[in-house]
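The values are calculated or read from the model by the stated rules, or taken from the named source; none is laboratory data. What you see is a predicted model, and the numbers here were worked out from it, not measured in a lab. Cβ placement follows ideal geometry from the backbone for every residue including glycine, while neighbour counts extend to all protein chains displayed. Side chains are part of the model used for accessible areas, which takes the heavy atoms of the whole protein and leaves out ligands, DNA and RNA. Shrake-Rupley method; radii C 1.70, N 1.55, O 1.52, S 1.80 Å.
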Amino acid sequence: MDASPAAPARTGTRGLGSRWRASLRLARRQTLRAWASSLLVIALIALPMAFVAGVLVYADGRQPTTAERIDAELGAAAAWVAVVNGPDPSLTQYDDQPLSIEIDRNPRTGEPTHEQQPLPGSAAPSLAGRDAIEIGVGSATVRTASGIAPVRAVIGDASADVLRGRFLLREGRAAAGLREAMVSPGALERLGVAIGDTVTLTGPEGSYTISGVLSRAEDTDAAVTIFLPATAQTRALQTDVQQMRWYLPTWHPARSDISRLNAAENDRASELP
């Protein structure tokens, strides 16, 4: 009997979202033909790829085109970066299947071969000088005439010009300054407010004037969301780093750049006490 350790098995998330991955593979081929840069789809990742937020279906039932999918994910940005795994030297990402990641696992137990490291708290240190726009997601509570209502909170400059398409301004204008916010169509109805009204958050405490109606590309009109400016208080609502995105306005990272970003995270992890 051979008692030597078995070779590490490569396992990962390749069974998830197979139809969407197939669409992205098609999108990649179409992008190579139709766009100046094939990185618009491939470079959705760096630390590494997070799962794309749902398949868009238009009101008339049709599926979006490749260009519409790219616009809904990126707006006019070149790429986004997300954190979905702790540093692991064996982690592999796939150019032709960008939603797939794999790490080495023991073939007998299925346990990771390498000691699992905590998730990085942010991708920002790896993106210094790239003018990344950080967009986070959390939960907040808003005081209404009838009590308190829970809402999804999107934190950061969602109305930035480069994110048009990813976020859709439906009415009014973009928020300006730290005392204005925007809400989704569903939030207008749920909270019983209108543009120009003030909404008061109970956690964290704060009042904001509604400047406009905004929505995420994948959301229905019924989604109840408030779009908040980025402050220390509102950033505290971001409790899950895996829900955060760093949008890169102009940088198209090549495959080698993505590898360097992940390697930098591995190096940072190894320096921790």
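Please pick out the residue among SER126, SER90, SER122, SER159 that is modelled with pLDDT of 90 or more, of a type in the set (S, T, N, Q) and open to solvent by less than 60 Å² (accessible area, probe 1.4 Å).
Numbers: SER126 fails: modelled with pLDDT of 90 or more; SER90 fails: modelled with pLDDT of 90 or more; SER122 fails: modelled with pLDDT of 90 or more.
The unique qualifying residue is SER159.
Checking the conditions here, which among GLU189, GLU218 is outside any helix (DSSP H, G or I) and among the acidic types (Asp, Glu)?
On the way: GLU189 fails: outside any helix (DSSP H, G or I).
After ruling out the rest, the residue left standing is GLU218.
Would you call GLU102 within 23 Å of GLY203 (Cβ to Cβ), surrounded by 16 or more Cβ atoms within 10 Å (Cβ to Cβ) and of a type in the set (Asp, Glu)? I'd like the intermediate steps shown before the answer.
On the way: within 23 Å of GLY203 (Cβ to Cβ): no; surrounded by 16 or more Cβ atoms within 10 Å (Cβ to Cβ): yes; of a type in the set (Asp, Glu): yes.
Judged against the criteria, GLU102 is not a match.
Select from region 215-237 the residues that are over 15 Å from LEU191 (Cα atoms), at pLDDT 95 or above and in contact with a Lys or Arg (Cβ under 7 Å, 6 or more places away or on another chain) and list them in ascending order.
The answer is SER215, and nothing else.
Report, by residue number, each residue of region 189-200 that is buried (at least 18 other Cβ atoms within 10 Å of the Cβ) and in contact with a helix residue (DSSP H, G or I) (Cβ under 9 Å, 6 or more places away or on another chain).
Looking only at region 189-200, we keep the residues that are buried (at least 18 other Cβ atoms within 10 Å of the Cβ), and these are 190-191, 199.
Matches in region 189-200: VAL199 only.
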